[in-house]
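Engineer: Before I ask anything, here is the structure I am working with.
The values are calculated or read from the model by the stated rules, or taken from the named source; none is laboratory data. Predicted, not measured: the structure shown is a model, and the values here were computed from it. We place every Cβ from the backbone using ideal geometry, glycine too, and count neighbours over all the protein chains shown. Keep in mind that these areas ignore ligands, DNA and RNA; they rest on the heavy atoms of the full protein, side chains included. Shrake-Rupley method; radii C 1.70, N 1.55, O 1.52, S 1.80 Å.
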Amino acid sequence: MVTAFAGTVLFGVVLARLTLEPSAASAALVHSNVRPGHSISAYLEGASTVEAARQLGGNLLLGLPFGVLLPVLLPPARGLLRVGAVTVCLMTLVELVQGALVTGRVFDIDDVVLNTAGALLGYLLVGRRLGRAVHPRRRHWWTRRAAEARDT
């Protein structure tokens with residue numbers, strides 16, 4: 001748990017540095033993207049392969065720690081849908097703050113989509129097993145009640 005907490009703090013610092021600092025490269029963007037897939041297709045069609053891999057891969061990698069750390073730090077957040085929902089909420093908040101307060105940054109729904117895909121990938125590859133190792137499954141109330149009824 002201590003390692004996961006330290007990893008979360010470190011990830012928070014990295015996330016803030018990557019998303020909440022002004023970006024000269026993004027200064028030419030004048031409006032937000034609220035159409036899913038629009039930025040992704042623009043990178044795939046118009047940017048160099050290196051730039052597309054950097055932008056798309058970077059957003060996927062930025063989501064990975066959510067999928068690994070959430071099941072460890074928040075046992076109620078375990079599960080593919082829960083990890084996805086928490087990631088969507090947090091990354092939407094980051095994108096909104098970034099678009100509203102940071103010069104040269106805009107809200108981009110594709111960043112939220114890619115971050116969430118990264119978190120789901122991280123959950124499936126590592127987070128699910130790590131979360132179960134740290135917090136073993138508990139028996140649900142309906143299985144306990146059935147066991148108690150059999151015992152009496």
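Engineer: For the condition under 16 Å from the mean Cα position of the chain (by Cα) and open to solvent by 40 Å² or more (accessible area, probe 1.4 Å), what is the one hit in 114, 62, 69, 93? Can you show your working first?
Structural biologist: Working: 114 fails: open to solvent by 40 Å² or more (accessible area, probe 1.4 Å); 62 fails: open to solvent by 40 Å² or more (accessible area, probe 1.4 Å); 69 fails: open to solvent by 40 Å² or more (accessible area, probe 1.4 Å).
Among 114, 62, 69, 93, only 93 is under 16 Å from the mean Cα position of the chain (by Cα) and open to solvent by 40 Å² or more (accessible area, probe 1.4 Å).
Let's see how each residue does on (1) modelled with pLDDT of 85 or more; (2) closer than 22 Å to residue 136 by Cβ:
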site: 1; (1), (2): no, yes
site: 8; (1), (2): no, yes
site: 18; (1), (2): no, no
site: 29; (1), (2): no, no
site: 52; (1), (2): no, no
site: 71; (1), (2): yes, yes
site: 77; (1), (2): no, yes
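Engineer: Right, something else. Determine, yes or no, whether residue 100 is open to solvent by 70 Å² or more (accessible area, probe 1.4 Å), out of contact with any Asp or Glu (no Cβ under 8 Å at 6 or more places or on another chain) and either in a helix (DSSP H, G or I) or of a type in the set (Gly, Ala, Ser) (or both).
Structural biologist: yes
Engineer: Ok, one more. Please list, ordered by first then second residue, the pairs with beta carbon atoms under 8 Å, 6 or more apart or interchain, first in segment 126-152 and within 30 Å of residue 66 (Cβ to Cβ) and open to solvent by 100 Å² or more (accessible area, probe 1.4 Å), second at pLDDT 70 or above and assigned to a loop (DSSP other than H, G, I, E, B).
Structural biologist: 132/78
Engineer: Is it the case that residue 42 is touching a Leu at 6+ places or on another chain (Cβ under 8 Å), part of a helix (DSSP H, G or I) and modelled with pLDDT under 85?
Structural biologist: Details: touching a Leu at 6+ places or on another chain (Cβ under 8 Å): no; part of a helix (DSSP H, G or I): yes; modelled with pLDDT under 85: yes.
The answer is no for residue 42.
Engineer: Please count how many residues of segment 72-85 are out of contact with any Gly (no Cβ under 6 Å at 6 or more places or on another chain), in contact (Cβ under 8 Å) with a residue 24 or more places away in the chain and open to solvent by 30 Å² or more (accessible area, probe 1.4 Å).
Structural biologist: As a first pass, look at segment 72-85 and keep what is out of contact with any Gly (no Cβ under 6 Å at 6 or more places or on another chain): 73-77, 79-82, 84-85.
Next, only the ones that are in contact (Cβ under 8 Å) with a residue 24 or more places away in the chain stay: 73, 75, 80, 84.
Now narrow it down to the ones that are open to solvent by 30 Å² or more (accessible area, probe 1.4 Å): 73, 75, 80.
So the answer is 3.
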